[in-house]
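**Q** I am attaching a structure below and will ask some questions about it afterwards.
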Amino acid sequence: MKHLIMGAAAALMLTTANFAYAEAIKLEGGKATNMVLLPKFLGILVFDQANEGAQEAHKELANSGELQFVGPTPENSVAGQIEIMTTSGTQGVGAIMLSNNAGDQITPSAEAAQKAGAKVVTWDSPIPGGKGEDVFVAQVDFGSIGVVMADMAHSILGGKGKMAVLSASADASNQNAWIDAMKAALAADPKYADIELVDVVYGDDQAEVSYNRALALVDKYPDLGLIMSPTTVGIQASAKAMQDEGLCDKVKVSGLGLPSEMVSYTMNGCAPEFALWDFRDLGYLTYMTAYGLATGQLKGEIGETFTAGRMGDYSIEADPGREGAKRILMGPFTIYNKDNVEAAAK
Amino acid sequence: MSRLQSWEGFLLVCLIVIFGFNAVLTPEFLGIGNQINLFQLSIEKIILALVMTFIIINAEIDLSIGSMMGLSACSFGYLLQLGTPAPLAILICLGVGIAGGFLNGWFVARLGLPSLVVTLATLIGFRGLARVMVEDRGIGDFPEWFDALGQQGLIGPIPFALIAFVVLFVLLYVLLERSGFGRKTYVIGSNRDVADFAGIDTARHKIILFTMSGTAAAFAGLLYAARVGAVRGDVAAGFELDVITIVLLGGVSIFGGKGTLVGTLLSILIVLNLRNGMALLNITGHIQTGVIGLLLIASVVIPRLKLAKPRAIKPEATA
């Protein structure tokens with residue numbers, strides 16, 4: 001009975017809390033603010049897609065300021081991101097939208113940019129410590145990515161076998177969070193008991209490095225059944241490596257991939273299942289958020305709800321993965337297999 | 001010598017042109033904050049370029065500086081995690097730099113191995129050690145005063161690292177251009193055999209130079225750690241190429257014996273201003289790299305064109 005009452009009270013509190021913010025803020029277009037979209041580095045399809053989404057939102061909101069898509073080269077990613085962040089602060093832009101590849105090393109420059117008046121909105125990959133960041137636009141709930149990857153591993157391996165992870169760079173906070181979430185998911189449910197995670201290696205999101213790391217995994221673990229790669233570069237490189245070496249019957253590939261890049265590997269059985277969210281949507285939502293903050297229409301406080309154009313209403317909430325940090329959760333994501341990958345690749 | 005001076009004149013003209021373009025094209029360029037950031041963003045590389053000038057004039061090369069920076073920065077993070085007080089950790093890191101540099105110098109000078117090979121080996125070795133120490137993670141949360149040293153102004157808006165750079169430039173300028181040590185550096189670089197016959201202890205000289213280089217790299221690693229407030233295994237990977245590019249662009253001959261610190265300084269200013277200007281114009285990374293590459297090719301080709309001229313005229317004269 002006591003529980004019931006407490007439950008009812010809690011429910012009531014939740015309802016009133018919702019009530020306070022029931023009115024979603026409508027973003028007013030036509031205000032001028034310069035914005036910078038800063039990807040991890042240039043030359044990756046998903047970041048180009050995010051840019052398309054941001055450009056779409058830029059036009060829709062009729063922002064007469066400029067939206068710049070600037071990024072570093074892959075081999076100069078960390079120093080390059082810090083440099084662009086610093087320069088953007090100097091330029092006095094209204095908002096910087098960052099997919100962080102520099103770990104906490106970006107913090108001093110991000111804080112300097114904030115001090116210069118810019119809003120820092122991270123997307124795809126946040127600042128691990130949360131300092132120097134106004135809000136993180138999370139593509140999907142990081143915990144649920146873990147469960148999805150564990151489930152794909154379970155279905156591909158038939159419930160039993162050895163799996164290795166091929167990730168991006170060792171300090172990529174998004175990938176690390178997802179791998180941890182997958183480990184937690186594997187440990188939480190006895191149905192995964194016979195799936196063994198033997199290794200985690202890093203291909204630095206570079207195709208050649210990832211390709212070689214995938215082959216090294218196969219050499220190191222002769223009875224490996226699955227390579228799980230939570231990055232679009234890694235999954236494609238792994239699938240290509242397995243296909244080139246004729247290993248697809250033995251070692252399957254799964255993880256997070258782009259339908260257009262993975263379609264052939266899914267159809268020939270090298271990568272029977274993989275998952276992803278829409279990066280255009282992520283770019284669109286990130287832009288809407290950053291525009292709202294930069295023009296003062298959003299305060300960036302927990303509980304604020306706003307309408308992000310065609311995508312509907314979103315709320316700012318506490319980030320469960322990072323203490324003291326805030327996020328906006330986009331979600332959900334799609335699992336691709338033989339049945340739907342061809343349509344999505346077009 | 002007159003050719004060198006004319007090269008520096010050429011660099012000066014380039015610098016003025018780039019500076020002028022930047023000032024006209026981007027309103028933010030001349031701001032004090034931007035001028036300081038311009039140095040601060042590459043401060044470690046430009047400090048290393050000063051010492052690299054000595055090494056290359058001496059007809060050697062040190063490819064291990066980026067890895068030594070990484071090793072020093074990671075050692076610092078690792079030691080702090082073990083509970084070492086920061087001042088002691090700084091001393092240990094500098095000690096690592098001295099030891100690493102001495103090791104390079106000893107292999108080159110005493111065993112007579114090519115510095116290209118020795119420092120390529122330590123490039124891999126030092127980086128490996130750094131990665132073993134921090135594994136695959138980032139280490140941050142340094143003491144506040146340490147972060148402040150790297151991120152805030154020490155005298156007004158001017159940060160510690162920039163002051164260190166200026167002091168170091170003056171000291172090294174005197175050492176290279178106004179001291180016996182400097183003369184020896186040129187002589188050994190021009191012709192080591194002659195230097196040996198002249199009774200110069202060339203091996204000792206080279207060991208000192210490589211030890212200077214290792215120490216400077218360790219110092220630069222600490223500056224980097226303070227500037228970005230966190231370290232990981234790939235800190236400063238590939239920096240050596242940028243540093244060598246700056247030095248060669250400054251007119252220092254890769255074959256040794258020729259070059260000046262003023263040339264290196266002009267080259268530093270050109271590269272920094274060019275990068276900053278392009279960044280302020282929102283020109284992306286690939287194009288920036290391409291432009292710096294073209295500049296380096298030009299710096300190698302243009303002096304050659306001057307030398308080749310007389311030979312090209314000859315056939316006409318005989319005809």
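All of the numbers you see were taken from the coordinates with simple rules; none came from a lab. All values reported here derive from a predicted model rather than from experimental measurement. Glycine also receives a Cβ, built like all others from the backbone with ideal geometry; neighbour counts cover every protein chain displayed.
**Q** Report the calculated FRET efficiency for residue B:120 and residue A:75 (r = Cβ-Cβ distance, R0 = 30 Å), to the nearest 0.05. Each step should come with its number before you reach the end.
**A** Working: r = 18 Å, r/R0 = 0.59.
It comes to 0.95.
**Q** Would chain B count as rounded, prolate or oblate if I go by the C-alpha gyration tensor, calling it rounded below 1.5 in a/c and otherwise prolate when a/b exceeds b/c, oblate otherwise?
**A** Working: a/c = 1.97, a/b = 1.22, b/c = 1.61.
Oblate is the answer for chain B, as a/c is 1.5 or above yet b/c matches or exceeds a/b.
**Q** Continuing with this model, one more query. For each pair in A:59/A:115; A:162/A:220; A:31/A:119; A:40/A:252, compute the distance between the two Cα atoms and list the pairs where it is over 23 Å. Walk me through the intermediate numbers first.
**A** Details: A:59/A:115 28 Å; A:162/A:220 12 Å; A:31/A:119 15 Å; A:40/A:252 28 Å.
Too far apart for the 23 Å limit: A:59/A:115; A:40/A:252.
**Q** Also, I was wondering about something else. Could you give me the ³J(HN,Hα) list for the range A:183-200, computed from phi with Karplus coefficients 6.51, -1.76, 1.60 and θ = phi - 60°, whole Hz, x at Gly and Pro?
**A** Listing the rounded values in order: 4, 5, 5, 5, 7, 6, 10, x, 5, 8, 4, 8, 9, 10, 8, 8, 6, 10 Hz.
**Q** Separate question: Averaged across the residues of A:104-111, what count of C-beta atoms belonging to other chains lies within 10 Å of each residue's C-beta? Can you show the working numbers first?
**A** Details: counts 9, 11, 3, 6, 9, 7, 0, 2.
Mean number of neighbouring Cβ atoms from other chains: 6.
**Q** I've got another one for you. Pull out a ≥ b ≥ c, the square roots of the eigenvalues of the alpha-carbon gyration tensor of the range B:1-82, then state rounded if a/c is under 1.5, prolate if not and a/b is larger than b/c, and oblate in the remaining case. Don't skip to the end; give the middle numbers.
**A** Details: a/c = 4.63, a/b = 1.31, b/c = 3.52.
Here the range B:1-82 falls in the oblate category.
**Q** Per DSSP helix of 4 or more residues, -39500 (n - 2.57); summed, then divided by the residues of chain A. What does that give at 222 nm, rounded to the nearest 500? Write down the numbers at each step before the final one.
**A** Details: 11 runs with 148 residues, N = 346.
Value at 222 nm, helices only, nearest 500: -13500 deg cm²/dmol.
**Q** Amide H neighbours of residue A:67 under 5 Å, at least 5 residues apart or on other chains, H built in the peptide plane: list them.
**A** Answer set, sorted by chain and number: A:35.
**Q** Next question, about the same structure. DSSP loop (so not H, G, I, E, B), at most 12 other Cβ within 10 Å: list which trypsin sites (Lys or Arg not before Pro) in the range A:134-184 pass both filters. Intermediate results must be reported in sequence, preceding the final value.
**A** On the way: sites: A:160, A:162, A:183; in loops: A:160.
Passing both the DSSP loop test and the Cβ count: A:160.
**Q** Which value at 222 nm does chain B reach when only helices count, each DSSP H run of 4 or more adding -39,500 (n - 2.57), with the total divided by all residues and rounded to the nearest 500 deg cm²/dmol? Mind dumping the intermediate values first?
**A** Numbers: 14 runs with 244 residues, N = 319.
The helix-only estimate for chain B comes to -26000 deg cm²/dmol at 222 nm.
**Q** Near the amide H of residue A:229, under 5 Å away, which other amide H atoms are found, from residues 5 or more places off or on another chain, if H is placed in the peptide plane?
**A** Counting only residues 5 or more places away or on other chains, the set is A:166, A:254, A:255, A:256.
**Q** While we're on this one: Mind giving me the nanometre distance, one decimal, between the label points for residue B:154 and residue A:343, set 7 Å out from Cα along Cα→Cβ?
**A** It works out to 6.4 nm between the two label points.
**Q** Also, I was wondering about something else. With both bridge residues required to lie in chain A, what share of the DSSP beta bridges run antiparallel, to the nearest 5%? Walk me through the numbers on the way to the answer.
**A** Numbers: 9 of 44 bridges.
So the antiparallel bridges in chain A amount to around 20 percent.
**Q** Oh, and also: Taking the Cα centre of chain B as the origin and placing charges on Cβ (Lys, Arg +1; Asp, Glu -1), which of B:298, B:72, B:115 is farthest toward the positive end of the dipole?
**A** B:298
**Q** Same structure again: Taking θ = phi - 60°, what integer Hz values does the Karplus form 6.51 cos²θ - 1.76 cosθ + 1.60 yield along the range A:144-156, in sequence order, with x for Gly and Pro?
**A** Rounded to whole hertz, the list is 6, 4, x, 5, 4, 5, 4, 5, 5, 4, 4, 6, 6.
**Q** Using a simple spin-label model with points 7 Å from Cα along the Cα→Cβ vector, what separation in nm is obtained for residue B:196 and residue A:198?
**A** 5.4 nm
**Q** Same structure again: Using the Cα centre of the range B:19-166 as the reference point, and only Cβ charges (+1 on K/R, -1 on D/E), how large is the resulting charge dipole? Debye, rounded to the nearest 20.
**A** Values: 5 positive and 9 negative charges, 72 e Å.
Result for the range B:19-166 is approximately 340 debye, rounded to the nearest 20.
**Q** Okay, moving on. Nothing charged except the Cβ atoms of Lys and Arg (+1) and of Asp and Glu (-1): what's the magnitude of the dipole of chain A about its Cα centre? Round to the nearest 20 debye.
**A** Numbers: 25 positive and 42 negative charges, 100 e Å.
The dipole of chain A has a size of about 480 debye.
**Q** Moving on to the next point. Collect residues whose amide H, placed 1.01 Å from N in the peptide plane, falls under 5 Å from the amide H of residue A:199; neighbours closer than 5 in sequence don't count.
**A** Long-range HN contacts for residue A:199: A:165.
**Q** Ok, one more. Going by the alpha-carbon gyration tensor, a ≥ b ≥ c the square roots of its eigenvalues, is the range A:142-276 rounded (a/c under 1.5) or, if a/c is not under 1.5, prolate (a/b greater than b/c) versus oblate? Don't jump to the answer; show the numbers that get you there.
**A** Numbers: a/c = 1.39, a/b = 1.18, b/c = 1.18.
Here the range A:142-276 falls in the rounded category.
**Q** With labels modelled as points extended 7 Å from the Cα through the Cβ direction, what inter-label distance (nm, one decimal) is found for residue B:254 paired with residue B:305?
**A** Placing both labels 7 Å along Cα→Cβ, they lie 1.9 nm apart.
**Q** Rounded to the nearest 20 Debye, what is the dipole magnitude of chain B about its Cα centre when Lys and Arg each give +1 and Asp and Glu each give -1 at the C-beta?
**A** Details: 21 positive and 18 negative charges, 206 e Å.
In debye, rounded to 20, chain B gives about 980.
**Q** On a straight-distance basis, which lysines could pair with residue B:206 in a cross-link, Cα separation under 20 angstrom, same-chain partners fewer than 8 positions away excluded?
**A** List returned: B:184, B:258.
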